[in-house]
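The numbers here are math on the coordinates, done by the rules we state, and not lab data. All values derive from a computational prediction rather than experimental measurement. Positions of Cβ are generated from backbone atoms using ideal geometry, with glycine treated the same way; all protein chains shown enter the neighbour counts.
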Amino acid sequence: MNSERAKEILLLYRRDGPEANDPEVSEALEQVKRDPELREWFDDHCERQSLIREHLKGIRVPESLKERILTEAAKRQVLDWWQRPIPSWAAAAAVVLLASVFFFFLQERTPDEKTFTAFRNRMVGQTQRMYPDMDMVTNDLVEIRRYLAARQWPADYILPQPLQKLAGIGCAALQWRSNKVSLVCLTSGSTSNLFLFVIDGSALSDPPPSGQPEFLRIGRLMSASWSQDGKTYILAGPGDEEFVRKYL
């Protein structure tokens, strides 16, 4: 199977859908692992689906909707579907729903795609959807830095002192919008792993300011973000803000 055919199949793919067990889908997912360009497209596709799903979950159901539907139904005679008038509130809800979906698809395709929010959502979200494959597995942080430097990936990062005391797990040379991203994985000594993403701040249209980190929960992980000496950092880990803060 080539990448174009895999993309056609995966356009309808949903991780929690029944198609996940389809043999053709499984073959397409294997092609994703082999083709870095296809993998980047697939990650973007999954991210868009996740954003749309989360946004739709946030749309509040109008109060007393059930009662209003039943009241409307009791007042009207049975008509063929093409003869039935559309209640104004239902039409308004449909407009809001379609506008919301359109907004998210449009947002992904606007020229300003290099926002920090998009970068953070992609990196932290992707880590939860699929544990990143390590390009190098080692607990030596010095070796991790050397490996990234040899590949000309961001390696002149500054680790907060608490992170310097942790053992490494490995690292990966990632890409986001054709920009190099270094991922350094560390272990806190328990079952909790920490993920540190490093990118040049110039790759982002609005990198976070230096100084106090910004905390935000994304799915199952809490993230802390900051900038320092031209680099932008994201540290993500399980637990709450207090857990992540102690490693900064």
Length gained, residue 68-residue 128, 0.36 nm per residue minus C-alpha separation, equals 17.6 nm
Applying the gyration tensor rule to the Cα atoms of segment 116-245 (axes a ≥ b ≥ c; rounded if a/c under 1.5, else prolate if a/b exceeds b/c, else oblate), the class is rounded
Length gained if residue 149 through residue 216 is fully extended, taking 0.36 nm per residue and subtracting the Cα-Cα distance, is 21.2 nm
Of segment 155-186, those with amide N under 16 Å from the point 7 Å along the Cα→Cβ vector of residue 139 are 164-171, 185-186
Which of 114/231; 33/231; 165/231; 7/231; 7/114 exceed 26 Å between C-alpha atoms? The answer is 33/231; 7/231
Expected sort for 203-209, 161-167 on mean C-beta neighbours within 10 Å, highest first, is 203-209, 161-167
Contact order relative to length for segment 140-248, counting C-alpha pairs under 8 Å separated by 6 or more residues, stands in percent at 21 percent
